[in-house]
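Okay, so here's the structure we're looking at.
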C-alpha cells in the first residue's frame, strides 16, 4: 500500500505499519518459557494466512464469529484476520461461566465459534442442546473431545503453510474495497456492573479514530515496549495495548498469564504497562514495607518502566503517591466500552490524583445539569446489538450518556464522582458515592475487597473480604479478633469522611468476590446487582442486626 494513503480503519493502520517498518521487532510471545520475537512482516504474514483459512471456512463479510480464548498470539492474528474479511469479531471473556458463554453466542447470532482449547470447548459442550447443530467450531489447540459428533479442527490443520504473493495481493485488494470506517468490526459484551451485559457495536472508524487520538495524548513512543496482561477480550486492553501498538508502531509483549506478569516484566523489561488499580494496589502492599521499597518496585517491573496507565476504576491516593514517589508514575484515564473506549487520559503535564486527565483531540466532553458525563465524537459506538431502545436511551442528539458523574477541577482536569445509579441516599437526603468508600477501604493491606451498599437503608454498610494474611489471625483462635481488627481498619480508612459516610455495619465474606460467581467483571470491577443477589441473605441479616459500635 502507499504510505501516503490515509489510515481510516484498523486494517489500514496495520497494513501501513507493515509497509513502513516490515523488519522492525513488533511482538514478543512466550514459547517454551522463552520470549520469541516476531517482526511486523511476520505478524502480517500470519494474519493473511489466517484470513485465507477463515475464508475457506466460510466466513463472510458481516458474519459474527465468537472467539473464546486467553491472550495469545492466535487471538491477535484471528482478530486482525476477521477484520480483513469485514467479519464481526465477538470476543468472549475466557473466564466466563458456560451459561453466559451460551447467552452471548446466541444473542450475537454467531455463525462460527473459535476456542483456545479443551477448557473453552467444554463450556460449549455444557450448552450443546441450546446451540445450533450447524454451528461450526475450531480450536487453537488440539482437542480430544468431539463437538456435536464431529472432530474439532485445530490451528495447525487449519492454517495454510504460506501464501503466494499474488494471493496476498488479492487479500489486500479485498480489504481496500470492503473495509471502510463504517464497517462493523466487533460486538463487545459489556461487563454489566449494574445490570445484564449488552452487546456494544463498534465500527472500524470508532476503533481507529480512538487509537489515533489516544496515542499522542498519552505520549506513547515508537521505542516503547509494552507489557500486555489484561484480557484482550476487554476493550481496555484491546484498544490501549493492541490497536495503539499498531498505530504507534512500538513493541508489545504478552504476559504468559495473569500470575506470571511480574516475572515476565523482569524478563522482557518493558517501559509501559496498562493495568487496573488492583494490580498496582497489590504491588504497593507487596513492597511498601520492604527495605528500599522503591528499588523493589522498580525491580519487579523490570527496571525500565516509565509509564503506568491505570483505568477501569479509581486508584487510591496512597498507591498513587507511592508510585510517583519512587519514580514509577501512574497516569489515570477514563473510558467505557461504548466510547471505544478512551474519553480522557492523563499525561506528564496534566496529571494529579483524583483526576483522569483531559479528552484527547477530537473527543468532546461536557457535563449535564446533574453532573453526568456526556461525550461526542467519532469514538461513540454505533449502538447496542439488537437493542434500539437502549441505544436511543444512551445516545441522544449525538451525545453518549455515560451514566458516570463527573466534575472539572481548577486545572480543567476531569474528576469521576461515581455511577449515577449507584448513589446511596441517606434518610436525611445526603448522597454517598460507594465507589469512593471502596477505594479508600482496599488501600488498607488488611482488606482485600470491599463492597459498599445501603440505598434502601439510609446509611452505608459493607461486605468485606479480609486479606489472606489478616484472616489467618482467627484461623486457630477467636474469630472476633479478626472482626475487631477489621472494624478498626474500616474506621481508620474513613476517618477523614463525614459522619453520614461512615460504615455503620459490615460483614466478613467467607470467600473472595469472583468472576466465576458473576460478581466481578474481567477488569475486576464490582458487578453490584449480582453481588446483591448472591449475598441477599447476608445483607438482609445485616438489616436486622444491631448497629456496629464506633470502635
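Miscellaneous remarks
- Of all DSSP bridge pairs formed entirely within region 204-420, close to 60 percent run antiparallel.
- Ordering of 350-362, 371-383, 122-134, 402-414 by packing is 371-383, 350-362, 402-414, 122-134, highest average first (other Cβ atoms within 10 Å, averaged per residue).
- Measuring max minus min along each principal axis, the C-alpha atoms of region 204-420 give extents of 55, 34, 28 Å (largest first).
- Rounded to 5, percent antiparallel among DSSP beta bridges of the chain: 55
- Pair residue 24, residue 430: separation of 7 Å Cα→Cβ label points (nm): 5.5
- Estimated translational D of region 40-180 in µm²/s (Stokes, Kirkwood radius over Cα pairs; 4 °C; 1.567 mPa s): 84
- Take the Cβ atoms of residue 156 and residue 106, set R0 to 51 Å, and the FRET efficiency comes out at 0.95.
- Expressed as a fraction of 2.2 N^0.38 Å, the C-alpha radius of gyration for region 425-543 is 1.03.
- Per-peptide packing, taken as the mean over residues of other Cβ atoms within 10 Å, places 135-142, 272-279, 33-40 in the sequence 272-279, 135-142, 33-40 from highest down.
- Ellipsoid equivalent to region 281-360 - semi-axes via the Cα gyration tensor, in Å: 25, 12, 11
- Separation of alpha-carbon centers, region 367-441 and region 250-286, rounded to whole Å: 30
- Cα centroid separation - region 204-247 against region 300-317, whole Å: 16
- Ordering 250-263, 68-81, 385-398 by mean Cβ neighbour count within 10 Å, with the highest value first, yields 68-81, 250-263, 385-398.
- Counting only DSSP beta bridges whose two residues both lie in region 40-180, roughly 5 percent are antiparallel.
- Size descriptors for the chain: radius of gyration and Dmax over Cα atoms are 23.8, 77 Å.
- Helix-only mean residue ellipticity at 222 nm for the chain, each DSSP H run of n ≥ 4 adding -39500 (n - 2.57), per residue, nearest 500: -9500 deg cm²/dmol
- Mean-position separation - Cα centroids, region 75-98 and region 122-163, in angstrom: 15
- Annotation: Cα Rg of region 139-261 relative to the compact-globule expectation 2.2 N^0.38 Å equals 1.33.
Readers should treat all values here as calculations from the given coordinates under stated rules, not as data from a laboratory. Quantities reported herein were computed from a predicted structural model and do not represent experimental measurements. Ideal geometry is used to build each Cβ from the backbone, glycine not excepted, and the neighbour counts take in all protein chains shown.
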